[in-house]
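The values are calculated or read from the model by the stated rules, or taken from the named source; none is laboratory data. Keep in mind the model is a prediction, meaning the values are calculated, not measured. Reconstructed Cβ throughout: ideal geometry from the backbone, glycine too, with neighbour counts over all protein chains shown.
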Amino acid sequence: MNYLVSFFFLITTLMGENIYATFDVVALKEANLALTTSGVVKTLRVDVGSRVKQGDILLEIDNDNLVAGVNLAKESLKKASIEEQFARQTYERYKKVESVIDAQLMDQNTLVYQKSSAVLGEAKAQLRYQNTLVEKTRLRAPFSGVISQRNVQLGDGVGGGSIPLFKLISDGSVKLIIQFDEKYLSRVKQGSSIRYRVDGESQWRSARISKIHPTINPKNRKATAEVLASKIAPGLFGEAYILGQ
């Protein structure tokens with residue numbers, strides 16, 4: 001009997017003490033999305049629960065005047081391209097016979113070509129600028145995920161960047177924000193094994209710690225670590241044991 005007791009204490013000492021912890025489930029990535037340009041919402045393409053891909057337009061404010069500016073810039077670019085092409089062809093023809101023509105005539109055609117090239121460059125820059133103004137009236141998804149909050153309606157006046165219009169979270173991948181007593185911080189390492197279960201479930205799952213926060217929460221004197229997981233809804237919580245080394 002004494003042998004069995006001694007053996008039990010030896011095994012538990014070698015294995016180390018399991019550290020109790022609690023956790024909250026949060027999305028691996030999340031973002032509060034807003035517009036810096038002010039205006040009235042004319043197009044609303046998503047709602048809570050909508051799955052979006054990176055780059056998808058979520059919302060667009062009234063931009064008819066800016067779209068008209070883009071069309072004008074396109075016409076200016078078309079005209080500048082034609083004039084630059086004509087000036088370049090003329091310049092190239094005179095360049096071939098430069099040795100037998102008047103130097104002043106050559107200089108004049110060179111100057112016309114250089115000016116037309118500059119005008120073409122300005123037209124291209126103006127079109128890029130107008131497109132940028134239009135793009136600022138569109139709110140796009142910075143990454144693929146699910147819309148978890150919507151704080152805007154069709155026809156609302158928005159802009160300025162102060163009020164989030166949507167909250168976007170990553171779809172599928174989550175992380176567990178684990179909290180445990182600060183006195184164990186030196187014993188918990190990146191890669192430490194844990195067993196955890198979500199509140200209300202009987203199933204225990206296994207994982208490894210992916211990140212350890214370097215600071216202690218001053219309010220509850222808890223240390224924090226992170227664990228990557230999947231197939232768990234953000235907002236849930238549970239308990240865990242960090243396994244003794």
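Structural remarks
- Residue check for residue 74: not in a loop (DSSP other than H, G, I, E, B) and not assigned by TED's automatic domain parsing to the domain that holds residue 154: yes
- Test: residue 27 is touching a residue at least 60 places away in the same chain (Cβ under 8 Å), more than 22 Å from residue 228 (Cα to Cα) and under 14 Å from the mean Cα position of the chain (by Cα): no
- Any hit, the stretch 18-26, residues being of a type in the set (Asp, Glu) and modelled with pLDDT of 95 or more: yes
- Counting only strands (runs of 3 or more DSSP E) that fall entirely inside the stretch 113-224 and contain at least 1 residues that are free of Cβ contacts under 8 Å to residues at least 40 places away in the same chain, the qualifying elements are 205-212.
- Annotation: of all residues in the stretch 56-98 being among the polar types (S, T, N, Q) and more than 13 Å from residue 124 (Cα to Cα), the one that is farthest from the chain's Cα centre (by Cα) is 90.
- Checking each residue in the stretch 23-44 for being in a strand (DSSP E or B) and either hydrophobic (A, V, I, L, M, F, W, C) or in contact with a Phe, Trp or Tyr (Cβ under 7 Å, 6 or more places away or on another chain) (or both) picks out 23, 24, 25, 26, 27, 31, 33, 40, 41, 44.
- Residues that are loosely packed, with under 14 Cβ neighbours inside 10 Å and of a type in the set (A, V, I, L, M), drawn from the stretch 217-245: 233
- When 240, 233 are screened for being part of a strand (DSSP E or B), over 30 Å from residue 42 (Cα atoms) and either modelled with pLDDT under 95 or small (Gly, Ala, Ser) (or both), only 240 passes.
- The residues on offer are 173, 162, and the sole one that is under 19 Å from the mean Cα position of the chain (by Cα), of a type in the set (Gly, Ala, Ser), modelled with pLDDT under 95 and surrounded by 13 or more Cβ atoms within 10 Å (Cβ to Cβ) is 173.
- Matching residues in the stretch 45-59 - criterion: being outside any strand (DSSP E or B) and either more than 13 Å from residue 144 (Cβ to Cβ) or among the acidic types (Asp, Glu) (or both): 45, 47, 48, 49, 56
- Qualifying residues in the stretch 95-128 (those that are hydroxyl-bearing (Ser, Thr, Tyr) and buried (at least 17 other Cβ atoms within 10 Å of the Cβ)) - the one farthest from residue 66 (Cα to Cα): 113
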